[in-house]
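The values are calculated or read from the model by the stated rules, or taken from the named source; none is laboratory data. Predicted model only: the values in this text are computed from it and were never measured. Here the Cβ is made from the backbone with ideal geometry for all residues, glycine too, and neighbour counts use every protein chain on show.
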Amino acid sequence: MNTIGKVLVIFVFLFAILVCVLSVVDFATRTKWKTAYEDLKREHDVVVTSRDVKSQTGESVFATNKALQTEVDKLKLSIADTENTARLKEAELQVKINDQENLAKTADILRTKALADVERYKELEKDLNKTIAEREKQVLIVQKQSEKYRGDAIANETLAKTLQTRNEQLLEEISRLNYELAKAKSGAGVAGAEGSLSTKFGEGPNPPSTMVKGQIEKVHGDDKTLVQISLGSDHGVAKNNTLEVFRTRPEAKYLGMVRIIDVQPRTSVGRLIVPAGSTARPQLVAGDQVWSYLSK
């Protein structure tokens, strides 16, 4: 075999090997591509399935998002209303805060003034306590003086009563003497303790059965001998009784006798007895004394 034949044999042999290699490579490639195709198909199916699921999920999410958006819109409106309400509340609270701050300032001013007043009152209390202590001392002194004056007053009252009793006795004695003197001057006769007195009625003294003492309350405007007396039937005075009339001021003076012509329980009416032939007629006035007797 020549060289060309050998070359051709070698060439054929190499070509056969190349074909075998290419066949193996092709087979391997075909197998790999099939596997890749199947893998891609499976991936495609997964993607399609995932797309469908995602599509359904997307619709659900879209519906959910839409519902959520509606809720969000409602919440926005609610938040806006809440914010407006909050602003109003905040404004009201700010007004109240301002008012409270003003009240607090006023309270601080009043508290400061009250503290100042308390301090001032404390000072006044100290002064008052001093004044009270001094007054108490003065009260003790006054009480002691009052006790002394009370003792002196009791002694003076006792002395005054004694002097008053003595003066009354002297006044009765003076009145009796004036009565006797006036009777003596008028020429009226006295017989015994109750001598007869001549009057224009021709009757003598008729005093009440008990000793009574009163005074003339009123003198008749036209008839000066007619008088109202502060004694009546309750005192033991009866009609036709006689009472002695005298005056103690400005000087003791016997005025005469009145006869009772009308009697009431607490008062009576009497007429001045003017002795027959007498021209002297004493002027009676309210306040003149009337007694049963000038001495008894």
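From the set of residues in region 182-232 that are in a helix (DSSP H, G or I) and surrounded by 12 or more Cβ atoms within 10 Å (Cβ to Cβ), which is modelled with the lowest pLDDT? Steps first, answer last, please.
Residues of region 182-232 in a helix (DSSP H, G or I): 182-186.
Of the ones still in play, those that are also surrounded by 12 or more Cβ atoms within 10 Å (Cβ to Cβ) are 182-183, 186.
On the way: A182: 57, K183: 57, S186: 51.
Step by step, filter region 182-232, then rank; the result is S186.
Need the failing condition index for R281 against (1) farther than 21 Å from G204 by Cβ; (2) surrounded by fewer than 16 Cβ atoms within 10 Å (Cβ to Cβ); (3) at pLDDT below 95; (4) not small (G, A, S), just the number.
Answer for R281: the failing condition is (1).
For region 92-111, which residues satisfy the criterion of being among the β-branched types (V, I, T) and over 28 Å from the mean Cα position of the chain (by Cα)?
Scanning region 92-111 gives V95, I97.
If a residue must be outside any loop (DSSP other than H, G, I, E, B) and out of contact with any Lys or Arg (no Cβ under 6 Å at 6 or more places or on another chain), how many such residues does region 235-254 contain?
Here the count works out to 6.
Taking only region 212-255 into account, find how many residues are charged (D, E, K, R) and under 58 Å from the mean Cα position of the chain (by Cα).
Within region 212-255, residues that are charged (D, E, K, R) and under 58 Å from the mean Cα position of the chain (by Cα) number 5.
Out of region 249-263, which residues are more than 12 Å from P282 (Cβ to Cβ) and surrounded by 14 or more Cβ atoms within 10 Å (Cβ to Cβ)? Steps first, please.
Applying the first criterion (more than 12 Å from P282 (Cβ to Cβ)) to region 249-263 yields 249-252, 259-263.
The answer is A252, R259, I260, V263.
Quick one: which residue in T29, T57 is among the polar types (S, T, N, Q) and either at pLDDT 80 or above or touching a His at 6+ places or on another chain (Cβ under 9 Å) (or both)?
T29
In the list V219, V285, V263, which residue meets the criterion of being hydrophobic (A, V, I, L, M, F, W, C) and closer than 16 Å to P208 by Cβ?
V263
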